[in-house]
1. Given the conditions (1) at pLDDT 85 or above; (2) more than 37 Å from the chain's Cα centre (by Cα), which single one is not true for residue 16?
2. Of all residues in the stretch 88-110, how many are farther than 14 Å from residue 48 by Cα, among the small types (Gly, Ala, Ser) and either at pLDDT 90 or above or not in a loop (DSSP other than H, G, I, E, B) (or both)?
3. Scan the stretch 64-76 for residues that are under 13 Å from the mean Cα position of the chain (by Cα) and part of a helix (DSSP H, G or I) and report the count.
Amino acid sequence: MGGAKKKSIGNQEKTSKENPVQDEKGKKGEKKNPFKQKQKSSIVIEEPQGLKTLKSMKPITSQGLARIMGVKISVANSFLRSLESKGVVKSIGGYSGHRIYELGSVEAIQ
């Protein structure tokens with residue numbers, strides 16, 4: 001029913017003269033790689049600097065840490081998970097990936 005209006009002969013000639021590159025794009029012999037490789041994030045929060053920031057925060061969340069440190073949320077989240085596995089921070093609440101942490105024991109920090 002809908003669709004584009006058929007171009008007049010004069011307009012078809014004008015567009016074919018203006019865009020000769022368009023014909024070259026349609027060749028079947030050339031294939032482009034449809035998948036791009038993901039870039040691994042090489043940004044890592046250094047532990048002393050991160051712990052200093054965590055001590056000043058009341059609710060420790062990955063979103064808050066990312067905002068203060070100026071990194072992506074995924075980087076802050078992985079940093080908090082590594083600290084949780086070491087026992088430095090402890091998950092006290094949250095849901096659906098939005099965890100809230102508190103500082104753990106003082107011995108684990110040093």
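1. So the condition that residue 16 fails would be (1).
2. 3
3. 5
The values are calculated or read from the model by the stated rules, or taken from the named source; none is laboratory data. In this text the structure is predicted, and so the values were computed from the model without any measurement.
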